[in-house]
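Since the structure comes first, as C-alpha cells, the remarks are kept for the end.
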Amino acid sequence: MADVVYRTFRPGDGARLVDLIAAAQPADPVSPEWFAENVLLDTNFDPAGLIIADSGDPARGAGGLLGFVYAVRARQTVGIPVDPDGGWITIGGVHPGERNSGIGGELIERAKDFLRAAGSRWVNFSGYPPAYFLPGLDADRYPDGLRLLERHGFRTMSKPVAMDFGLATYATPDDVIERQRDREAEGYVVTPAQADDLPDVISFAAGEMAPDWGEAVRQAVVRHGRPDRVVLVRDPQAEVVGFATYAAYRGLRERFGPIGVRETRRGLGLGKILLHATLRRMRAEGLHGAWFLWTGPESPAGRLYLQTGFAVTRTFHVMQADLA
C-alpha cells in the first residue's frame, strides 16, 4: 500500500502496539507490562526486529499503526540455551480494518529478511524459550493467520495443547494418597521446597528436563520469594528425581507447571503424586482453577492430565519456515 510506511520500533510506539494487539487478536490481549517484559526488556531485543506498518494517520488502525511483527534471534541467553541457528516470530498482527491489503505478508517477509541477515537458518512461529506469549498459532481463533503463514512458507511442526482444571471441588483421590504412602515407605520424600533445596531442583530441572525450566524456577522464587510453591521428590539416596511448581510465570498463581520426573524413575507414579500434591497446595491458597499452555496431547504428561480431569481448551500450531 502506497500510504503505508514500514519502519522499526521507536519510543512512543509501546502503548499503540498494545492497543493494536487487543484489536488484532481479541482473544489474547496483553498488558503494557507484559509487552515490555517479553519484548522491550528481552535480553535479545533488537528494535530492527520489531517491524511496524505505519499509516501516519491517527484515525486509522491503532493511533495510525496498522500492523506489526516481532522477530528475535537469541544472541545472548541467561541460563536458557537456545539454538543459535534459529529465529523466532513471537507475536504480530494486522488491524481488522486493514486486512487483505498485503500488510501481513509484507511484515512476515520483512521479519524473515531481518532474521536471515542476522544469520538465522530457519524461523519458528512459536514460543521462544526466554520470552513468549503463546506456544504458537491458535488456528481455531485465527484461521486467517494460519493461511497467511502457510502462504509464506510456514509448515506446522507440532500441535501442543493448553488445558484447564477446576479446583473448586478438588480433593486428592484415595489411590493417589495410597500410592504416595507406598513410595514414602520405600524411602521417597515428597515435600514443598525450602531455599536449601532450590539449587538441586534448578540443576535437575535444567539438566534433565528442559533448559528453560530451571531458570523458570529460579526467577519465580527470586521474584516472589515462595520456594514452597515448588514441590519436589527425593529418592532413597536423597537425590531430586522430580518436581512440580505453580505461579512460575509472571506470578500467575493458577498457572500450573512445569512438572517433570527423571526418566529412570517413571512408572512409579511419582508424576501423579507430584501433580496432586501441587494441586492440593493450589487449592489451599484458595485458587479455583489450574491451567497451563503447552503439552503434547499424546505425551505421558498429556495423558496424565487428561486422566486427572484436565480438559483441552486450546490447540496451537508450532510452525517453521526455512530461511536458506
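Only the coordinates and a few stated rules stand behind these numbers; no lab work does. Not measured: the values here are computed from a predicted model. Backbone-built Cβ (ideal geometry, glycine too); neighbour counts: all protein chains shown.
Among (i) 50; (ii) 20; (iii) 25, which one is percent of Cα pairs over 36 Å apart computed from these coordinates? Matching the structure shown: (iii). Arranged from fewest to most other beta-carbon atoms within 10 Å of their beta carbon, VAL72, VAL176, VAL161 become VAL176, VAL161, VAL72. The reciprocal of the average 1/r between distinct C-alpha atoms defines the Kirkwood hydrodynamic radius, which for the range 114-178 equals 15.5 Å. In the range 225-314, which GluC sites (Glu not before Pro) are in a loop and have at most 11 other Cβ atoms within 10 Å, using DSSP for the loop call? Filter output for the range 225-314: GLU298. The 3J(HN,Hα) values that the Karplus relation (6.51, -1.76, 1.60; θ = phi - 60°) gives for the range 298-306 are, in residue order, 9, 6, x, 5, x, 5, 4, 4, 5 Hz. Gly and Pro appear as x. Note on TRP291, TRP88: ascending count of other Cβ atoms within 10 Å places them as TRP291, TRP88, the fewest first. Note on the range 169-287: Cα-Cα pairs beyond 16 Å make up 56% of the total pair count. Among GLY63, GLY102, GLY260, the largest mean-square fluctuation in a Gaussian network model of the chain, built with springs joining Cα atoms closer than 10 Å, belongs to GLY102.
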